[in-house]
Amino acid sequence: LQRTPDAALVGVVDPASPDINGTPVYADLHSALRATRADAVVIATPNDVQLDSAQLALHAGVSVLCEKPVGVSVGQAKELLGLSEVLSVPVGVVLNQRAHRHCKWIKDLIDAGDLNPSAIKFTGNIARLKGWHADPMRSGGGVLRTIGIHYIDLLMWWLGLLRNISLTMPGAPGEDTVSLIAEIGEGCRAEIHISATQEVSEGPVHCVIEGEGALIRMAGHVVEEVTGLPEPPDP
């Protein structure tokens, strides 16, 4: 935020009371909203307290950018969206994969008709969930909610709604593995297979996109191999 020319960081609410280059730190969100007269608030808290914080900001007329997945249930997400519409105050959700240059490059190729995917597959092992992330009562779920949601969002951004979904999440209640298979776009098979069973991450989530005469391999957000398409921009 401090490096963004169009923004001014006017306050922070954090129980750890960080010292962020002289930015005022407030004990609670109510005090911060009253003192700063902010235009917007970024909510990056554990999932089980997101809704109350977002509602407080919206009632104050302050726009909200909330970390995914917005609360611990679909019902909470709908409640927040409904309040945003009633009050006519914007609310957004952080799904940052769309901001990466190579993900945008793939989106542009699909929109231009230069890439017609027949299969998209995400696979990876990530570090075991810890702290409140590993508590289903606080997080609302396991690896699907913490990591898988990013790749579901990428798929829908690239090609549209998922159809005929098959979903398994073994390891309940922690749900430390997610396996999702679905149809998307015109004749494209989408797959997401991610496990959070390792104490230390073995590497980034990998993506393979196949199309007619085209192949893309990504590690994380960076394209590592391209066949049948122009070279991507610098990441």
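Things worth noting here:
- The conditions of being in contact with a strand residue (DSSP E or B) (Cβ under 7 Å, 6 or more places away or on another chain), of a type in the set (Val, Ile, Thr), over 29 Å from Val74 (Cβ atoms) and open to solvent by less than 20 Å² (accessible area, probe 1.4 Å) are not met by Ile192.
- For the stretch 35-77, filtered to residues that are surrounded by fewer than 17 Cβ atoms within 10 Å (Cβ to Cβ) and on the phi > 0 side of the Ramachandran plot, the residue that is modelled with the lowest pLDDT is Arg37.
- Restricted to the stretch 137-152, and to residues there that are open to solvent by less than 10 Å² (accessible area, probe 1.4 Å) and in a helix (DSSP H, G or I), the residue that is nearest to Pro170 (Cα to Cα) is Val143.
- Qualifying residue in the stretch 47-60 (condition: among the hydroxyl-bearing types (Ser, Thr, Tyr) and without any contact (Cβ under 8 Å) to a residue 60 or more places away in the chain): yes
Conditions tested, residue by residue: (1) farther than 23 Å from Glu67 by Cβ; (2) assigned to a helix (DSSP H, G or I); (3) without any contact (Cβ under 8 Å) to a residue 40 or more places away in the chain.
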| site | (1), (2), (3) |
| --- | --- |
| Trp105 | yes, yes, no |
| Ala119 | yes, no, no |
| Leu129 | no, no, no |
| Leu154 | no, yes, no |
| Ser166 | yes, no, yes |
| Glu186 | yes, no, no |
| Ala190 | yes, no, no |
| Ser195 | no, no, no |
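- Criterion (closer than 17 Å to Leu58 by Cβ and of a type outside the set (Ser, Thr, Tyr)) met by exactly one of Ala27, Ala40, Ala8: Ala40
- Test result for Gly211, on the phi > 0 side of the Ramachandran plot, in contact with a Pro (Cβ under 9 Å, 6 or more places away or on another chain) and buried (at least 19 other Cβ atoms within 10 Å of the Cβ): no
- Residues located in the stretch 52-89, provided they are farther than 16 Å from Ala40 by Cα and among the hydroxyl-bearing types (Ser, Thr, Tyr): Ser73
The values are calculated or read from the model by the stated rules, or taken from the named source; none is laboratory data. Everything numeric in this text was worked out from a predicted model, so none of it was measured. Neighbour counts are summed over all protein chains in view; Cβ atoms, including those assigned to glycine, are modelled from backbone coordinates with ideal geometry. For accessibility, only protein heavy atoms count, side chains too; no ligands or nucleic acids. Shrake-Rupley method; radii C 1.70, N 1.55, O 1.52, S 1.80 Å.
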